[in-house]
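The values are calculated or read from the model by the stated rules, or taken from the named source; none is laboratory data. Predicted model, so just to flag it, every value in this text is computed and none were measured. Cβ placement follows ideal geometry from the backbone for every residue including glycine, while neighbour counts extend to all protein chains displayed. Just the protein is used for accessible areas: all its heavy atoms, side chains included, with ligands, DNA and RNA removed. Shrake-Rupley method; radii C 1.70, N 1.55, O 1.52, S 1.80 Å.
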Amino acid sequence: MQRRDFLRILGLSGAAFGVGAGIGGRSLLAEGGAGNAALGGPIRRLLLVSHCHGWTYDSWKIRPKGIDDSKPFELDLTKLDQADWSKPLQPLFEHRHRILPIDALSLGTAELDMDGNRHDTGWVHAWTGANVDFSKPEAAATQMSLDQLIATHISRKDRLPSLEMSINDSGEPGRPVSYDAKGARLPLEADPIKVWQRIFGPSANPNPLTGGHREALNYAWREYSKLAPKLDPIHRQRLEGHYDLVHRLSQRLEGMANLSCDGAIKMPGATSSFDERFDTMVDLVGAAFSCDVTRVATLSLGEMKTDEFGADHISDNVHKGIAHSIYDNVEKHGAMTNYLHRHAKQMARLVQVLSDLPDPQGGSVMDHTLIVWGSELGDPWHGYWHYCPVLIGGDWHFNTGRYVYRPHETPIEVLVPSSAAPDGYSEVSGLPHQHLLVSTAQAMGLELDHVGIERTQGQRGDHVDCRGPIPGLTG
Amino acid sequence: MLESAANTANREWSHPTTGARPQLVACLRRLWPIVLASTLVLGCETPVTDKVAPTEQNPLIALTPTEFNNSVRDLMGFSSDVNQWPAAPQLGIAAPLGAGGGIFGIGSPAPAVWPYSFPDEARVDGFEGVDGGQVPSDYLTEQIQKAARHFGAFALVSPVFFTCEGFADLEAEAQSSCAEQSLIRFAARAWRRPLSSKETLRLQSLWQTMALLGTPEQAIGLSVSAILQAPAFMFRVERGDVSRRIGDALPLTSWEMASRLSYALWDTMPDQELFAAAASGQLETRAQVEAQARRMLNDPKALKGLQHFHHQWLGTDRLYRISPSRRVYGPLFGIPPVPPLDTTGDGEWPALMNPLRFSYKVETDLFIRDALFGQPDAQGDTVAGGAKVGTLTALMTMENGYVSSFTAPVYGTGVCDSVEFKGQSSKGKGTGCTIDETKVDLDPKKQTSGMVAGVAAASTQYTVTFHPATFEKTQRAGILTLPSVLALGAHAVHPSPILRGKRLLERVACIKFGAPPANAEAAAPPDTPDDSSTNRERTQAATSGPACSGCHESLGLNMAGFAFEHYDSFGHWRAKDGKKDVDASGLLPIGGDEPIAFTDGVDLARKLAQSDRVRDCYVHHWTRYVTGTEVQDNHPELQRIQTDFRTKDDVIELLVALVTSEMFRYTKAPAQQEGN
């Protein structure tokens, strides 16, 4: 497959037929819009990556010889010998100055939520910080997810507010990790061609009738406006949800059609493996960021096939055949370590692609991007105890190039294997991961002190404060 | 007919009805001047009671992806066979759909001209078009807009769009006039009701604006796309007839009833006859609705609607999700369990799985058809197994079905006699079914791309031959024992009694389970080959703890699944699980009813077919499906219909009862309603 096949897309001159306001041919940076530019700062971008099955903590953590992990510590990754890096983090060595692995958190609030499928519960907690709405047929959220929250603040009205994508193999597909303001899951697109069409279709195939399409949308919106007052409030609200989006689509129609960008890429071709699909989506994300088509994207990584990481001799099925048994089968623990290693290699390529892409603001796209790499679980055994995200980039806010460790001291009991606690529960867990969401939101310019749950109580009645960022990540 | 109806309604909709009016006057207004006044009086239903029972909620339902596509097809007057569609003129209206490699590298097809591929709905219990399962999103809105653009151009080649002849050859002024009239007529059909005078004016204004933006053809395409994005097309707006309010209930207007009926029974917009009935006020009484419903259920579109319901009921519209292990099941199909290292065999398994998933879907379609409408040209009114055609019992017990050239190895211990698999006759190898010598080639070229969307795309055109087959009655009977249904309740290596049991109890018996306890999933047995114990033994051991046994044992979740242990992850019948004989017998506690003793899945299916609980549950699913909202168990109309279905067991009569019920014909009046 041909990688990074660039295509210069030239914007059309303004609205071809004089309808609406055109922006073609103008500098992307001059187009403004909401977000950081409106806040007075440079454009920032956010990419959330969520893989399946959490981390094999014992093989993920970094513990140079002689380090005492009963106390907090930090490691300068730019100086740490590569031999001291753990296998799942090794592939990111080349980007060590950009990364910030956080060995301090738990998904403790997911443990406190009602019983349910721990994957579903984990996805909601991990990315919204809030409890699950179990009244829905498929677990929904009770609040907006982090990406949507940030998109609300930083997206341009004339471009896509956010992009939600998944990388699928033949096993479990990537699950929705984005939730709207009502907690409903937002659909993911798995086909790179369709993603490309969303991003570059309007500008790569300039349509002189864009004004007409906008008029069609405006007509539909006006019909809604005429009808709405005649409806009872519940029906009105239902229509409002749809036609607000129609109105927004009308607003961005010409912006998307008149995109002018050196970073656009050609429509992707065939892909035959998880890696290829990942790389293709990464190219699309890079191009979308470079062209300021969107400022927020999520990549939900589906389950890789076992032969993608050399475990096909163990099982055909990662989830049921390997993941659940990491604590009673050394070989399966090793396989899931390799699974993470494979993802880390993919992440390293992602960082490289974004680092190689020039940004219209100067520097590279990566220089203006924050990647949050997380998961829906703490470990493949369905534990919530060690939640091990890696922040990549965002050095305008974070002091990167460090490995940050904090011992678990939060009084929320979480399920652990019997080898860790005979009764199956640890008495304490890591910092609530809500702090990660706050840190991320603040890095993106949002002034808030909590995302999702503000305060909660552990099983023994201890109060737990989930507000504020993770201490010590900045400065 | 619709044109005159539109004229009539222009007057009506421009004079809003506020507050109560004498019913006779209101009735006359609605029907004038289509038929004689004396007939009108007789046509109006005079309530004999001041209380009727609509559903508790009155949701505003958007067209589902299926309904959107079917409605566009009918609006344009095209066939369900997309190969019969004329090519759309290249107007530059539609966003390029593109064609490319596909995410699995086996070549994705050029996107289908029809149906348009929308993001899946969130759904409620597997069903589309139900309140709470429809979620707006930016992406969905974009897709609707793209679909509207895509279909807009087809208006120009539609045999039913233009109100004039030879549009292209007309003078500019005549063209404009024709386009305007055509758009007004199109909008009335798309919105499934007459237009008000103000709506007509706005449409004229739309046309005039669009006409300035491009050629007349482009302007028509753009205007059609606008009409398809308007709320009156996208949503089933039901405000009820305020003038005939009865207590808290409003009867639906005839136009609203026409839409409700057609989407409930056909998954598409009303046809001309239904529109005509609405225009003449012939959808107000129970008898009038019943007459239309019976006509509609005799139409081929009803079969599609019924198949769609049953696929959603049992989840077989998501067959693209099945992904059994090549390592375990490859040999069943003559494929080595491990591909050679040179990767030459990497495509073998996907090349089988895509047409196989497709075959499963079509086999299920055909099974539903035969159970509910009888085999084409069949004599008598019973199906194999003895049940009457058109009953839930037939669906649950019928002993014949279809086998395709791709699924042959799944049936029986080997394969069905005389079915060719991969070009080789398998005659004499199997005993699972016998094949009717008359081959039925329903459609020699089927494309699987629609089915597998979401996981994989495949452009390969498969030749799939479907053979009528009589199953070995000890191995397979009824829809619950179809490989398609069974394969959905399985992991890659082992079938899952838990998944199968949960789906059976939830979907077939309406027994609801709460969320599983923490870590329940991790406690499930690993999905790896294991000859040392049976799947049943491992499942029992994993779920016997106190946190699990409540659902898995007391409520029968495991037992409902164990009944189908004779079927592996493909739904292939097996006598042994590893080294031991399969034990598929048990005693199923089914809600508070008398437990059902069974010897295997076939036996259980036959007994469930006679269960009042199962019949009640089936009615409940249908009720929610046709009304688009959850209906409480104690709703009097629901209970009445359930009681009736318990004895009659007639699916067509059930549907007639549902659409003539007060739940369907009335809507709950809003607390406050502003004037028109």
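Which of the cysteines in chain A are isolated, no other cysteine C-beta under 4.7 Å?
A:Cys52, A:Cys388, A:Cys466
Taking Cα atoms, how many degrees apart are the long axis of helix A:233-257 and the longest axis of chain A, rounded to 10 and kept between 0 and 90?
Its long axis makes an angle of about 80 degrees.
Under the rule of at least 5 residues apart or a separate chain, name every residue whose amide H is placed under 5 Å from the amide H of A:Ser178.
HN-HN under 5 Å from A:Ser178: A:Leu186.
Counting alpha carbon pairs within less than 8 Å and at least 6 residues apart, what relative contact order, in whole percent, applies to the range A:392-475?
After rounding, I find 31 percent.
Could you work out how far the C-alpha centroid of the range B:291-336 sits from that of the range B:141-156, in angstrom?
For the range B:291-336 versus the range B:141-156, the Cα centre distance is 28 Å.
Loop-only trypsin sites (Lys or Arg not before Pro) in the range B:483-546, please: DSSP not H, G, I, E or B, and at most 12 other Cβ atoms within 10 Å.
B:Lys512
Say the cut-off is 21 Å between C-alpha atoms; which of A:Lys194/A:Lys320; B:Lys473/B:Lys576; B:Lys607/B:Lys648; B:Lys361/B:Lys580; A:Lys194/B:Lys304; B:Lys361/B:Lys607 go over it?
As for pairs spanning more than 21 Å Cα to Cα, those are A:Lys194/A:Lys320; B:Lys361/B:Lys580; A:Lys194/B:Lys304; B:Lys361/B:Lys607.
With a 1.4 Å probe and every protein chain left in place, work out the accessible area per residue of chain A in Å², rounded to a whole number. If you can, show how the numbers build up before the last one.
Working: 15850 Å² over 475 residues.
Accessible area per residue: 33 Å².
With θ set to phi - 60°, apply the Karplus curve 6.51 cos²θ - 1.76 cosθ + 1.60 along the range A:445-454 and write out the HN-Hα couplings as whole Hz, x wherever there is a Gly or Pro.
Coupling constants for the range A:445-454: x, 8, 9, 8, 10, 8, 10, x, 5, 8 Hz.
On the accessible surface of chain A, probed at 1.4 Å, how many percent belong to carbon and sulfur atoms?
49 percent
Let me have the 222 nm mean residue ellipticity of chain A computed from DSSP H runs of 4+ only, each contributing -39500 (n - 2.57), with the sum over all residues rounded to the nearest 500.
After summing the helix terms and dividing by the residues of chain A, the value is -9500 deg cm²/dmol.
In the range A:173-228, if the dipole is taken from +1 on Lys/Arg beta carbons and -1 on Asp/Glu beta carbons about the Cα centre, which of A:Pro192, A:Gly211, A:Pro173 is farthest to the positive end?
A:Pro173
Name the trypsin sites (Lys or Arg not before Pro) in the range A:146-229 that are in a loop by DSSP and that have at most 16 other C-beta atoms within 10 Å, would you?
Taking the range A:146-229 and a limit of 16 other Cβ atoms within 10 Å, the loop trypsin sites (Lys or Arg not before Pro) found are A:Lys157, A:Lys182.
Report the one residue of A:His319, A:Ala441, A:Tyr57 whose Cα lies farthest in the direction of the positive end of the charge dipole of chain A (charges on C-beta: Lys and Arg +1, Asp and Glu -1; origin at the Cα centre).
A:Ala441
Efficiency by 1/(1 + (r/R0)^6): what FRET value for B:Lys576 and B:Ala541, r their Cβ-Cβ distance, R0 = 22 Å, to the nearest 0.05?
The formula returns an efficiency of 0.70 here.
Using R₀ = 25 Å, calculate the FRET efficiency as 1/(1 + (r/R₀)^6) where r is the Cβ-Cβ separation of B:Ser585 and B:Thr470; round to 0.05.
For R0 = 25 Å, the calculated efficiency reads 0.50.
Quick one: angle between helix A:434-443 and the longest Cα principal axis of chain A, in degrees between 0 and 90, rounded to 10, please.
40 degrees
Rounded to the nearest 20 debye, what is the charge dipole size of the range B:502-624 about its Cα centre when +1 sits on each Lys and Arg Cβ and -1 on each Asp and Glu Cβ?
360 debye
Which far-off residues, 5 or more places away or on another chain, put their amide H under 5 Å from the one on B:Gly374, with H placed in the peptide plane?
For B:Gly374, the qualifying residues are B:Gly390.
Determine the per residue accessible area of the range B:164-293 with all protein chains present and a 1.4 angstrom probe, expressed in square angstrom.
In whole numbers, the range B:164-293 has 30 Å² accessible per residue.
Whose amide H sits under 5 Å from the amide H of B:Val464, counting only residues 5 or more places off or on another chain, with H placed in the peptide plane?
Residues meeting the amide H criterion: B:Lys446.
Counting only protein heavy atoms, probe 1.4 Å: which residues of the range A:203-224 lose 50 Å² or more of accessible surface in the full assembly compared with their chain by itself?
A:Leu209, A:His213, A:Glu215, A:Ala216, A:Tyr219, A:Glu223
Tell me the relative contact order for chain A as a rounded percent, counting alpha carbon contacts under 8 Å between residues six or more apart.
For chain A, the relative contact order is 29 percent.
I'd like the carbon and sulfur percentage of the solvent accessible area for the range B:546-661, probe radius 1.4 Å, heavy atoms only, ligands and nucleic acids excluded.
About 51 percent, which is the carbon plus sulfur part of the accessible surface.
In degrees, nearest 10, range 0 to 90: what is the angle between the Cα axis of helix A:192-204 and the longest Cα principal axis of chain A?
Taking Cα atoms only, the helix is inclined about 30 degrees.
Roughly how much accessible area, to the nearest 100 Å², goes out of reach of solvent when B and A pair up, both sides summed, probe 1.4 Å?
Summing both chains' loss of accessible area gives about 6700 Å².
Peptide B:482-493: average number of partner chain Cβ atoms within 10 Å per residue?
2
Could you name the lysines whose alpha carbon sits less than 24 Å from that of A:Lys61, not counting residues in the same chain fewer than 8 places away?
Cross-link targets: A:Lys71, A:Lys79, A:Lys87, A:Lys332, A:Lys345.
Apply 1/(1 + (r/R0)^6) to the Cβ-Cβ distance of A:Gln459 and B:Asp530, taking R0 = 25 Å, and write down the FRET efficiency to the nearest 0.05. Can you show the working numbers first?
Details: r = 36 Å, r/R0 = 1.44.
Using R0 = 25 Å, I get an efficiency of 0.10.
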